[in-house]
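First the structure, in the form of structure tokens, and then the observations on it.
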Amino acid sequence: MLGTDIAIDLGTSAVKIYLDGKGIILNEPAIVAVNVENDQVVASGKEAYAMVGRTSDKIDVCHPLCNGVISNFDLAQYLIGTYLKKINSSRVFMPRVVVSVPCQITEVEKRAVVDAISAAGVRKICLIEEPVAAAMGAGVDISKPYGTLVVDIGGGTTDMAVLSLSGIAISRSVKIAGNTFDEAIVKYIRRKYNLIIGQRMAEEAKLAVGCVYPRKDLSSHRVKGRNAMTGLPQWTDVSCDEMLEALIEPAMQIVRTIQEMLEETPPELMGDVYSDGIILTGGSAQLFGFDKLIAKKTKMPVKIAQDSQICVALGAGKAIHFIDDMENKEYGVLNPLSAAY
């Protein structure tokens with residue numbers, strides 16, 4: 001256990017830690033609850049998630065990671081430090097870490113990730129771009145001269161890239177993902193029923209009856225909240241057709257970005273992608289009908305990767321074995337890691 005290398009998937013909605021030789025040993029929500037009066041952290045992870053939308057004036061529930069990048073440095077540093085202490089009780093040995101970052105991230109945002117993790121006492125940090133990690137986690141051999149298109153739909157960002165020879169040939173990143181779908185449901189229910197609901201309730205409805213492609217069997221889910229006109233409690237049953245109406249717009253923005261990227265993909269790689277199809281990863285890829293919608297609009301086969309939620313963490317874990325190659329840059333070794341600090 002001591003000094004073993006680890007991989008971290010810093011997601012907007014969850015932080016996953018992969019231990020070399022053990023697999024994923026931690027999967028916690030990326031949420032921190034802070035006491036406003038003295039700026040002390042009250043809870044983090046699952047305990048803080050239970051407080052979302054149910055706090056008093058004294059407690060503020062924050063997401064230190066927003067759209068795949070760090071938005072509150074101190075809290076992100078605290079969160080990463082807490083999770084690393086959980087899995088590594090010894091302070092003598094410092095692990096080497098592989099961290100996944102969105103593919104179109106600025107140098108400043110990269111530096112923030114590196115600084116937040118290095119404060120937890122690690123001796124080396126390597127970055128891997130999310131589509132590369134997602135493809136490795138989905139079991140794709142990306143070292144061959146062969147094009148593979150991966151779309152990673154997470155909580156804060158959707159990253160997509162055409163990969164070949166352990167690198168990215170062309171990529172796109174949009175800040176439309178799981179959280180955007182939740183917001184779309186909140187707005188839709190407010191507009192249609194004058195009913196104000198919270199993010200948690202919207203997420204429950206999305207998981208229960210959410211879809212971006214018409215379902216054959218109709219189902220509904222009860223949402224509870226406050227009437228915007230009277231201020232009294234109210235509930236309504238939302239059908240999957242109404243969910244489709246609410247979610248289709250953000251889903252189509254993701255599809256349009258995929259189409260734009262395909263237009264700029266080199267023709268040889270395009271031929272490979274066309275024969276193999278598109279691989280979907282990320283938690284929001286499990287939204288009903290996403291694969292059918294993308295397949296219909298791109299005229300290509302689309303498959304959802306097995307264990308799509310943890311693909312990025314698994315891929316970052318597989319990339320741990322490339323850390324040594326970053327140090328002694330062997331001739332002829334293609335490295336999926338993008339940078340080392």
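The values are calculated or read from the model by the stated rules, or taken from the named source; none is laboratory data. Source: prediction; values computed, not measured. Every residue, glycine as well, gets a Cβ built from its backbone with ideal geometry; the counts of neighbours run over all protein chains shown.
Quick notes on this structure:
- Test: Val98 is closer than 20 Å to Ala14 by Cβ, crowded, with 19+ Cβ neighbours inside 10 Å, among the aliphatic types (A, V, I, L, M) and at pLDDT 90 or above: yes
- Here Arg200, Arg172 are screened, and the one residue that is outside any helix (DSSP H, G or I), under 20 Å from the mean Cα position of the chain (by Cα) and surrounded by fewer than 21 Cβ atoms within 10 Å (Cβ to Cβ) is Arg172.
- Matching option when the condition is within 20 Å of Val312 (Cβ to Cβ), buried (at least 18 other Cβ atoms within 10 Å of the Cβ) and β-branched (Val, Ile, Thr), among Val61, Val113: Val113
- For segment 247-271, the set of residues classified as within 21 Å of the chain's Cα centre (by Cα) and over 16 Å from Lys299 (Cα atoms) consists of Leu247, Ile248, Glu249, Pro250, Ala251, Gln253, listed by residue number.
- The lone criterion from (1) touching a helix residue (DSSP H, G or I) at 6+ places or on another chain (Cβ under 8 Å); (2) part of a strand (DSSP E or B) left unmet by Ala43 is number (1).
- Remark: pairs (first residue in segment 205-233, assigned to a helix (DSSP H, G or I); second residue of a type in the set (S, T, N, Q) and surrounded by 15 or more Cβ atoms within 10 Å (Cβ to Cβ); Cβ separation under 8 Å; 6+ apart in sequence or on different chains) = Val209/Ser220.
Conditions tested, residue by residue: (1) out of contact with any Ser or Thr (no Cβ under 8 Å at 6 or more places or on another chain); (2) farther than 30 Å from Ser275 by Cβ; (3) among the hydrophobic types (A, V, I, L, M, F, W, C).
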{"residue": "Gly155", "(1), (2), (3)": "no, yes, no"}
{"residue": "Asn179", "(1), (2), (3)": "no, yes, no"}
{"residue": "Ile197", "(1), (2), (3)": "yes, yes, yes"}
{"residue": "Ala205", "(1), (2), (3)": "yes, yes, yes"}
{"residue": "Ser219", "(1), (2), (3)": "no, yes, no"}
{"residue": "Arg222", "(1), (2), (3)": "no, yes, no"}
{"residue": "Thr230", "(1), (2), (3)": "yes, yes, no"}
{"residue": "Cys240", "(1), (2), (3)": "no, yes, yes"}
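- Filtered residues of segment 73-83 (kept if buried (at least 17 other Cβ atoms within 10 Å of the Cβ) and either in contact with a strand residue (DSSP E or B) (Cβ under 7 Å, 6 or more places away or on another chain) or farther than 16 Å from Ile8 by Cβ (or both)): Leu75, Ala76, Tyr78, Leu79, Tyr83
- If you go through segment 220-233 and keep only what is surrounded by fewer than 17 Cβ atoms within 10 Å (Cβ to Cβ), touching a strand residue (DSSP E or B) at 6+ places or on another chain (Cβ under 7 Å) and not hydrophobic (A, V, I, L, M, F, W, C), you end up with Ser220, Arg222, Lys224, Arg226, Asn227, Pro233.
- In segment 17-31, residue surrounded by the fewest Cβ atoms within 10 Å (Cβ to Cβ) [restricted to those that are touching a residue at least 24 places away in the same chain (Cβ under 8 Å) and more than 19 Å from Asp5 (Cα to Cα)]: Glu28
- Yes/no for Met243 being part of a helix (DSSP H, G or I), farther than 15 Å from Ala161 by Cα, among the hydrophobic types (A, V, I, L, M, F, W, C) and in contact with a strand residue (DSSP E or B) (Cβ under 8 Å, 6 or more places away or on another chain): yes
- When Ile128, Ile105 are checked against the criterion of being modelled with pLDDT under 90, under 17 Å from the mean Cα position of the chain (by Cα) and either in a strand (DSSP E or B) or of a type in the set (Val, Ile, Thr) (or both), a single residue qualifies: Ile105.
- Thr236 within 23 Å of the chain's Cα centre (by Cα), surrounded by fewer than 21 Cβ atoms within 10 Å (Cβ to Cβ) and not in a loop (DSSP other than H, G, I, E, B): no
- Residue in segment 282-297 that is surrounded by 13 or more Cβ atoms within 10 Å (Cβ to Cβ) and within 17 Å of Ile142 (Cα to Cα) present: no
- Qualifying residues in segment 263-276 (those that are of a type outside the set (Asp, Glu) and free of Cβ contacts under 8 Å to residues at least 60 places away in the same chain) - the one surrounded by the most Cβ atoms within 10 Å (Cβ to Cβ): Tyr274
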